[in-house]
Each structure stands twice: as structure tokens, then as C-alpha cells.
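Comments concern the structure below.
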Amino acid sequence: MAHQSLYRMYRPDKFSEVVGQEQVTKPLEEAAKSGKIGHAYLFAGTRGLGKTSVARIFASAIGCTENDLYEVDAASNNSVEDIRALTEGVYTLPFASPYKVYILDEVHMLSKGAWNAFLKTLEEPPAHAVFILATTELAKVPETVQSRCQVFEFKKPTRAVLAKETARIAKKEGYALAPDAAELVAMLGDGSYRDALSVLQKVIAGADGKSLSREQVEAATGAPRREQVNALIRALAGGERGKALEAIEKAAKADVDMKLFLELVLEALRSTLLIRYAPELRASLADELGADEFSALEKFASGKGITHAAMLAFLNAADRIRYAPIPALPLELAVLELFPDGEGK
């Protein structure tokens, strides 16, 4: 039997279990308690934030049972015929619930004709029907539809929230996820609970013990190694243009994802500057980075090459990298901008 994914295992079953979406859950919980139920809701936000989970929780909170809950993938059921079949069923009474709840996921994928077919029902639904539309692209949902719905926007979790949640679930699974490992998992999750837990599951699958280090996360995911990132930071700190370019070339030849490599470089530059200029943050940074990494960056902080100009040069590289025909090129240009006349003085 296939092992259930962590995301499904730890999917919230009640409002209190939903992390970081209070601007959505509190009004919905109040509506369910007061009985002031709208006929149409629109949940918007990027992937993996829990939109369909919250839709199911809300359906349960207003007394809808499984027999009266209908989930539709609008990406594959997006024709006029699909919507007409759905709306015809809306008018029949629920089996054993006060409401029939329809959750339409990826609703922005509906065709223009399907929207037109749906609009009449959305305007004048039967009293027992509740529609919950979910989308990752709010701008593609027609204004005529948005105006007929209560719109709730889900927020991306911060890196800190995602790291904390990942560490919590790792602990529930019997593993100790190191703080710097949790940070990397959160970064790889890219603002998505689902993606972060998928990364964690991959790390756990390859673990040979109950302690999960950053190195294990790197090995399991193919993320750039710290040594590769620190080789570039070390060269920048020493003002060594040649070694900085060599570090970038080595990372590129190792088939590293250069976009992720650049993100890790920016993280390291930021931490190095904070160690230098914000002594009050040293304790929290040491906890977040781990003793070895903090010690390495502390040494780099004394180098003259790590400046706000270095941070700005690599931030500009982040803007360019998505369009670069050679992924390493924006990083190389950043180095050349910092040291146009050769090695730093």
C-alpha cells in the first residue's frame, strides 16, 4: 500500500489547525457560528496554501456531509456542457444536510462560455447551494464573478513560519530537523506548505537516522551545497575577482540550479551584513544558521568585499537570471561590476 503524503496526513481538519491564514479563517468561522452563510465564496492564492482544505473545513462547519459535498476540478471540467451538468444538479435538494457545497478548484480555467453558463446560477442560486471557487490566478476570474462572491485572499507564509511548521511536522514524524535544515526546506518550499512538506518527505525517505541536518537536505534535494555558496562569499569578502568567477563556474559545472544558488548567495550576503551591522541580531542568527555557518559568515563579515554594493549587484542578478540564456552569466556580471579593475584593493 502506498504511503500517504505528509501534506495529506497533516491537512488541517478544523479552523484552529490552519496556520497563518487568520484573515480568512476568522470571518468564515464567525459566519458558520452565526448562520450568516453567503451563497458564493472565492478563495485566491498561490498553490499549496490550503484553499481547498479551508473550503472543506467551512463546508463541515455549516453542516454539510460528504454526500452533499461536491468537488470539481475546473481545469479539466471547464466546458459549457460541464457547467450545465453541474448547475442542473444544484437545484435538487441535499441528501441529509442543510446545504449542498460545491468546491470548484482552479476555477480560472473555465472557458468564457462556461462562465456565461455559470453566471445565472451564481446570481440566483437555490437557498441550499453554496459555491466555493478556488483559484491561483485571481486576475483571470471575470469581474462579474468576483462581484458576486465574498473574496478571500490567502497569504504566502513567511520563511520563518514555513520553517517552524516543517520542523513541527518532522517532530511529529519522530525526526529532529536542524534549524538551518528547516530554513533550507522552507526556501525550497517557495512559499507553499504543500511543496515544503514534499521536500521534507523526500529528506525523510533518504534519512539514515532521526536527526536531519542541512547536509542531508542538500543531498536529498540536489540543492547547492554550503561549501559551493561559501566559496563565492569567501572570494567576495577577500576582493578576489578570479576566485569568485571560479566559484560560479564550478557551481555551474556541477549542474547546480543557478537560480537557487543565487538565492542562497543572497541569503549568505544578507546574513553576513547583519552580523557586521546588527550585533543585536547575532544570537538569533547563530540559532538560525547553526554554529559552523555562523562562524564562517562571521569571518567573512570582517572582509572588505562584503558591502551593500555586493548585495545590490547580486539583487540585480536575480532580476536578470530568469531571462538569461546562460544562467551563470548574471552572477558573473555581478562580480565584474564589483571588481571592474581586477582584484579588490
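Throughout, read-outs are computed from the coordinates displayed, never taken from laboratory work. Everything numeric in this text was worked out from a predicted model, so none of it was measured. Please note: Cβ atoms are built from the backbone with ideal geometry, for glycine as well, and neighbour counts cover all protein chains shown.
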task: Measure nothing but the geometry: give the 0 to 90° angle between the long axis through the Cα atoms of 80-90 and the longest principal axis through the Cα atoms of the chain, rounded to 10°.
output: 60 degrees
Cα point-scatterer Debye curve for the chain, base-10 log of I(q)/I(0) at q = 0.07, 0.13 Å⁻¹: -0.41, -1.01
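With 32 Å as the limit, write out which pairs from LYS26/LYS140; LYS14/LYS259; LYS26/LYS172; LYS259/LYS299 have Cα-Cα distances beyond it, or answer none. It would help to have the intermediate numbers written out before the result.
On the way: LYS26/LYS140 26 Å; LYS14/LYS259 37 Å; LYS26/LYS172 26 Å; LYS259/LYS299 26 Å.
Cα-Cα > 32 Å for LYS14/LYS259; rest within.
Starting from 0.36 nm per residue, how many nanometres of slack lie between MET311 and TYR91 once their C-alpha separation is accounted for? Can you show the working numbers first?
On the way: separation 220, 0.36 × 220 = 79.20 nm, distance 5.95 nm.
Contour length minus the Cα-Cα distance gives 73.3 nm.
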query: Given the Cα-Cα distance of GLU332 and SER34 and 0.36 nm per residue of separation, how much length would full extension add, in nm?
result: 101.3 nm
- prompt: What is the spin-label model distance, in nm, from LYS171 to ALA207 if the labels are put 7 Å beyond Cα along the C-beta direction?
  reply: 1.3 nm
- prompt: Using helices alone, what [θ] at 222 nm do you get for the chain, with -39,500 (n - 2.57) per DSSP H run of 4 or more residues, divided over all residues and rounded to the nearest 500?
  reply: -16500 deg cm²/dmol
- request: Let me know the charge dipole size of the chain about its Cα centre in debye, to the nearest 20, where only the beta-carbon of Lys, Arg (+1) and Asp, Glu (-1) is charged.
  value: 360 debye
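Given 0.36 nm per residue, what is the gain on full extension from SER5 to THR158 after removing their alpha carbon distance, in nm? Please list the in-between numbers first.
Working: separation 153, 0.36 × 153 = 55.08 nm, distance 2.26 nm.
Net length gain for the segment: 52.8 nm.
If you take the beta carbon distance between TYR323 and ASP257 as r and set R0 to 25 Å, what does 1/(1 + (r/R0)^6) give as a FRET efficiency, to the nearest 0.05? Could the numbers behind the result be given before it?
On the way: r = 16 Å, r/R0 = 0.64.
With a Förster radius of 25 Å, E is 0.95.
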- request: With a 10 Å radius around each residue's Cβ, average the other Cβ atoms per peptide and rank 216-224, 50-58, 304-312, highest first.
  value: 50-58, 216-224, 304-312
- line: The helix 193-205 Cα axis meets the longest alpha-carbon principal axis of the chain at an angle in degrees, between 0 and 90 and rounded to 10, of 60 degrees
- line: Output row, site ARG276, 7 Å Cα→C-beta label point, backbone N cut-off 13 Å, window segment 303-337, residues 303-313
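Given the peptides 205-212, 155-162, arrange them by the average over their residues of other C-beta atoms within 10 Å, most packed first. Could you put the intermediate results ahead of the total?
Details: 205-212: 12.1, 155-162: 17.4.
Highest-to-lowest ranking by the protection proxy: 155-162, 205-212.
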statement: With Cα coordinates, the longest principal axis of the chain makes an angle with the long axis of helix 258-277, in degrees rounded to 10, of 70 degrees
